[in-house]
1. Which residues' amide hydrogens lie under 5 Å from the amide hydrogen of B:Y69, considering only partners 5 or more residues apart or on another chain, with H built in the peptide plane?
2. Need one value for B:15-28: mean number of C-beta atoms belonging to other chains within 10 Å of its residues' C-beta atoms.
3. Please list, in order along segment A:565-570, the HN-Hα scalar couplings obtained from phi with the Karplus expression 6.51 cos²θ - 1.76 cosθ + 1.60 (θ = phi - 60°), rounded to whole Hz, x for Gly and Pro.
4. Across all directions of projection, what mean area in square nanometres is found for the Cα convex hull of segment B:93-156?
5. Where a ≥ b ≥ c are the square roots of the eigenvalues of the C-alpha gyration tensor, would you call segment B:1-115 rounded, which needs a/c under 1.5, or, failing that, prolate if a/b is larger than b/c, or oblate?
6. Summing Lys, Arg as +1 and Asp, Glu as -1, what charge do residues with Cβ under 13 Å from the Cβ of A:K116 carry, A:K116 excluded?
7. When B:Y119, A:Y542, A:Y486, A:Y222 are ordered from fewest to most other Cβ atoms inside 10 Å of their Cβ, what list results?
8. Taking each residue of B:34-41 in turn, how many C-beta atoms of other protein chains fall within 10 Å of its C-beta, and what is the average?
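Any read-out appearing in this document is the output of simple, stated calculations on the displayed coordinates, not a laboratory observation. Nothing here was measured: the structure is a model prediction, and the numbers come from that model. Don't worry about glycine lacking a Cβ; one is built from the backbone with ideal geometry, like all the others, and counts go over all protein chains shown.
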Amino acid sequence: MRAALLIQRWYRQYVARLEMRRRCTWHIFQSIEYAGEQDQIKLYNFFGYLMDHFTPANRNLISHIFRENEICRDIEWERYFCYKNIEVPELYSGPHLSFPLTVSNVADLVEAFKNKQQLHTRYVLQLLLESWKLLRMLPNINQVSTCQTKEITICGDLHGHLEDLLLVFYKNGMPSVEKSYVFNGDFVDRGKDSIEILLILFAFMLLYPNNVHLNRGNHEDYIVNLRYGFTKEVLGKYRLHGKKILKLLQKIFSWLPLATVIDQKVLILHGGISDTTDLNIIAQADRHKYVSTLRPPKRRWVASGGNSTAGRHKVNGRMDNSLQRHCSLAYNSPLRSRYNFQSRSMQNFSSKVNLAVEEELKEQRRMAGLSQSYHDLRSSLSSDSDSDNYETYEDDSNEWKQVIIVDMLWSDPMPQDGCIPNEVRGGGCYWGPDVTEKVLRRHNLQLLIRSHECKQEGYEFCHNRKVLTIFSASNYYEVGSNRGAYIRLGPDLVPHFIQYQANRSTRELTLRQRYRGTFSLRALREQLFAHKSDLLYAFQDYDTDNTGWISLKHWATAVEAVLRLGLPWRVLRSQLVTTTQDGMLDYQGWLRELPITEPKTESLLETMYKQRSNLETIFRIIDSDHSGLISFEEFRQTWKLLSSHLKMEISDEAILDMAVSIDFNKDGSIDINEFMEAFRLVDRTMNLPSEPNHTKTDE
Amino acid sequence: MADKESAEAVISEIHRRIAEAFNVFDNESSKSVDVREVGTIIRSLGCFPSEAELHEMIAEVEEEEPTGYIRFEKFLPAMTKVLMERKFRPIPKDVLIQAFEVLDQEKKGYLEAEELKKYMTQEGEPFSQDEVEEMLSAALDNKENVIFYKDLVSKMTFEDL
């Protein structure tokens, strides 16, 4: 019947359009997320730059993050944890814990969190103390056997999504002597209940130490936390003792084991592997020395000069390969292109500055812990000098291990053979099926389970089903974006998957609502707004007759050239450009519509807007005592440093103007939250339909 | 403000559009996509093929020995031809509404859920259970349990392209 056919044709087309949008949304979020992660690394390199180039006065601003934790000895740590002085008031209605923990304690804890209650500081500190004591005794690699525990459940990234953890417990049962669990890192950041998840996991670990295993993720890192929300969450929920809690967690994170192996056949770790992964070396490392996997190398390293690498050469014959990998940037290595990603550095902001290959190389090496130039390294490798300085030898093998550990926590698999630096994230590497083969064979393993990447179905195989990604935070990007999943592994070591999606209302969302993807569009519009000036220049380049109009084709090309996110702009165009005439766009009008308010000091505000996450991170770092305030002088200095690093001209007057227009407290100190609020106001005025219930928090 | 572009420029722009849409589904940058996604790609480029027409096209771009994947090399020329020849044109709104009116024999202005379900699963190129469930969940007016098709057509039409 023709009518039916017509309707079916039309409807199928409609569904296809929605599906396309949904897939694009996915790519948008991923590209923006990874670009953000890159920024983080670049920000870190910025700090390295500061340390190298500025006066002691400036350096003090942030040198504390490069210092070893002041309290080193265990006894002092135990004293520092001092929870005994903290009284629990009568009015406190939350859960009470007694140590050693009992089953009902932990059940109460979970129940309390389900009811949005908070655990009292005293108990938090106690719990953390006990957890730290336990973690210290664990090896770098947990060895687990199914003969004791029958089935094992493996969860991936949770990222503060308490609903998902509760959902897993509901569907699968809570951890017990009968029910073992492995939690594969990234418990915190992004979601709003990171501390609750952490406390639950630690509690279960204390209760069932032989059955609950935690692996460290790249987000179990205080520097990453500064940017991605965990620090803010803790300070917000524990106003008085938040700083102490965070400081303790710094140490505790570094004591988290790096991997778990089941029946000596299945390797579970957070990020992945590289061509240099060697479990024997990893097992011997002092994992707690790597408080942050983003930490720059210690100074004395560089002073040791050529001798040092000879020592390293002795440590690990395989090193050459990795040096090769790190140095391959000098030889135009094929950048992995998911969508032709290009490496973005903070310096690229003023697009006139182009990083020379050598600069890029230096950045990568600094990050990997190698500060010497490529030439020095090569020459010292070929020389046969003895390392007469034992201390530096130690340093080197530590730096070397740091590379291996960074790889374990940050790497991603790729379809092609080989092993290349992970330019997208800025840390770790991309490894191919041949590397999987090699590493698995080296250790007689049959499967690698990792997390670190969000997958639409919650899990995904690759590399001939030898690598399995498991991700447990559903609706990670926005409501409806993806399902979460967990794995059940029995003695046969065949993985079984259970998928889920938190937020009951997802099922009720209509077809169109589910695929609306307004959140991703909003994120995209933010990016566009942040690049307004550059976009204007690019458009004007195409508008040779100065008519104020350009073709949609040129629009797409220009946007990609400026933003470099590798997104399908022609596919997205209909959602971003709503008013055109005869296939032409009034670009100035379009740019004007991106936000509603026209900022006065335009380029300065644009810069700040784009860098706001970085700025917030910097501020929080400067605010070393976590008071929420920095002095105007500190603010001014930071801004000057940042702008000189970005090769931008900023006068004191301009900074003062900016300060005045954002209305700081008159006592000369700046409330960080107030400052960041200014950006949230810009967000709100961008006139986009808001999603009523979204689980992803803004940072 | 007509765009005086040469035919070449028009074609290269078309190529770029096709490449973009294709790449959205090319997860491994392997220049090929799962054959089951080809329909989505073609439709997302603004075409309204029937299932039969779709299968014809797939047969054209498939390998000699079907691998389950369609390569970009073969897809590009075929799709370019489709777009240049303006095949599988969109269905005008009024024609669509007329189609609904044919089903709505009593001219009520709406269709019962069961009615629509019956037609969609028994006539033309039938929907699967999943497809019809999804359509109903999107189309059904919750309060009155019927489908006001005129509203539906307005709601489910993309204005662009």
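1. The answer is B:V35.
2. Details: counts 0, 6, 7, 1, 2, 11, 6, 1, 8, 13, 3, 2, 6, 5.
Across the residues of B:15-28, the mean count of other-chain Cβ atoms within 10 Å is 5.
3. Along segment A:565-570, the couplings run 9, x, 9, x, 5, 5 Hz.
4. Numbers: hull surface 16.8 nm².
Average projection, Cα convex hull of segment B:93-156: 4.2 nm².
5. Numbers: a/c = 2.69, a/b = 1.51, b/c = 1.78.
Oblate is the answer for segment B:1-115, as a/c is 1.5 or above yet b/c matches or exceeds a/b.
6. On the way: positive: A:K114, A:K192, A:K237; negative: A:E111, A:E163, A:D193, A:E196.
After counting each charged neighbour, the total is -1.
7. On the way: B:Y119 22, A:Y542 15, A:Y486 28, A:Y222 19.
Least to most surrounded, the residues fall as A:Y542, A:Y222, B:Y119, A:Y486.
8. Working: counts 0, 0, 0, 4, 0, 5, 9, 3.
Per residue, the number of nearby Cβ atoms from other chains is 3 on average.
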